[in-house]
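K.L.:
Please read through the structure below; I'll follow up with questions.
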Amino acid sequence: MGRITNLENKRYGMLTVGSFAGANAHRQAMWTARCDCGVQKNILSTSLLTGKSRSCGCSRVKHLKSRTVEFRTWTAVKSRCSNHRLSGWHNYGGRGIRVCDRWLASFDNFLSDMGPRPDGASSIDRINNDGDYEPGNCRWATHGQQGFNRRTTRLIQHNSKVRSLSDWAARAGLSVQTLSRRLSRGWDMDRALTETPRLGRPGQHAGTLHNMAKCSDEDVRSMRALFAAGASASSLAPRFNMSKQNANRICTGKTWKHLL
Ligand SMILES: [Zn+2]
């Protein structure tokens, strides 16, 4: 490895060079580079300087797959969450919405989780509007469904900050349902956010009383809501920390019948 040309912060095609990444096994200089698509990888100095590398590889894949609507959706979703120059940035990356690592890693992962876009669907939709782009929280939806989801996001102003109900709840360590119920009972925000949730009293509910209970009433309600909105029971299982069988029984109403 001879003299190292400093490529830091230089642009090559879709790539922005970061820091020096050492030498490879052939003693060739490498640099970390971030592609406009969001992927970061180490690239040979010579590949950058000769113009051989102009993206992480996605622009080559693009030639083959860019005509599919699924690929365009994947690209758009990543841009929304990583490109602050886009006009809708404040609705996505700007408020902490992320793309999960599995989908960032490859288009194939995204396609195998989402499946091909069905006829009649027009866009990708997050079931929980404050959740990330990840399996279990996304579906192919019509424009009507998307609009509905957006309208049902409840914004609350408190201490001069405007946040969604679920954002306030998450920051206070409460479930959305607990916070929502407190507000509908007329509690002020300070009390609603700070009071410790009561534990269920013995004999209150068959479910929470049961020794084997793996989740709370609120978990069951939110699981069923997501299930009704199109998430599969098996995708919900890891999010609620339970087996797929348990999730399936809860979603289909075979267990926790007292909450139906
Ligand atoms: Zn790329």
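The values are calculated or read from the model by the stated rules, or taken from the named source; none is laboratory data. As the structure is a computational prediction, the values presented were derived from the model and not from experiment. Counting neighbours? That spans all protein chains shown, and the Cβs are built from the backbone with ideal geometry, glycine included.
K.L.:
Take the conditions at pLDDT 90 or above, more than 11 Å from the ligand (Cβ to nearest atom) and more than 30 Å from ARG27 (Cβ to Cβ) and apply them to ARG80. Does it pass?
P.N.:
On the way: at pLDDT 90 or above: yes; more than 11 Å from the ligand (Cβ to nearest atom): yes; more than 30 Å from ARG27 (Cβ to Cβ): yes.
Yes.
K.L.:
As an exercise: evaluate LYS41 against (1) at pLDDT below 90; (2) within 9 Å of the ligand (Cβ to nearest atom) and give the number of the one condition it does not meet.
P.N.:
(1)
K.L.:
Find the residue count for the range 222-260, including only residues that are over 17 Å from GLU134 (Cβ atoms) and either assigned by TED's automatic domain parsing to the domain that holds ARG126 or surrounded by 16 or more Cβ atoms within 10 Å (Cβ to Cβ) (or both).
P.N.:
The number of residues fulfilling the criteria is 8.
K.L.:
If you don't mind, another one. If I ask for residues that are assigned to a loop (DSSP other than H, G, I, E, B) and over 15 Å from TYR92 (Cα atoms), which ones from the range 108-141 would you list?
P.N.:
Just the residues of the range 108-141 that are assigned to a loop (DSSP other than H, G, I, E, B), to begin with: 115-122, 127-132, 134-137.
Hits for the range 108-141 are GLY115, PRO116, ARG117, PRO118, ASP119, GLY120, ALA121, SER122, PRO135, GLY136.
K.L.:
Say we look at the range 133-192 and pick out the residues that are aromatic (Phe, Trp, Tyr) and at pLDDT 80 or above; which of these is farthest from LYS244 (Cα to Cα)?
P.N.:
Pass one, the range 133-192, residues aromatic (Phe, Trp, Tyr): 133, 140, 148, 168, 187.
When the remaining residues are screened for being at pLDDT 80 or above, the result is 133, 140, 168, 187.
On the way: TYR133: 21, TRP140: 23, TRP168: 29, TRP187: 37 Å.
Residue satisfying both the conditions and the ranking: TRP187.
K.L.:
Moving to a separate point now. Report the residue count in the range 39-54 for those that are within 28 Å of VAL99 (Cβ to Cβ) and either among the aliphatic types (A, V, I, L, M) or crowded, with 19+ Cβ neighbours inside 10 Å (or both).
P.N.:
Step one: list which residues in the range 39-54 are within 28 Å of VAL99 (Cβ to Cβ), which gives 39-44, 47-48, 52-54.
Still in the running and either among the aliphatic types (A, V, I, L, M) or crowded, with 19+ Cβ neighbours inside 10 Å (or both): 39, 43-44, 48, 53.
The total comes to 5.
K.L.:
Does TYR92 satisfy the condition of being surrounded by 14 or more Cβ atoms within 10 Å (Cβ to Cβ), in contact (Cβ under 8 Å) with a residue 24 or more places away in the chain, of a type in the set (Phe, Trp, Tyr) and away from the ligand (no atom under 16 Å from the Cβ)? Give the steps one after another, and end with the answer.
P.N.:
Numbers: surrounded by 14 or more Cβ atoms within 10 Å (Cβ to Cβ): yes; in contact (Cβ under 8 Å) with a residue 24 or more places away in the chain: no; of a type in the set (Phe, Trp, Tyr): yes; away from the ligand (no atom under 16 Å from the Cβ): yes.
The answer is no for TYR92.
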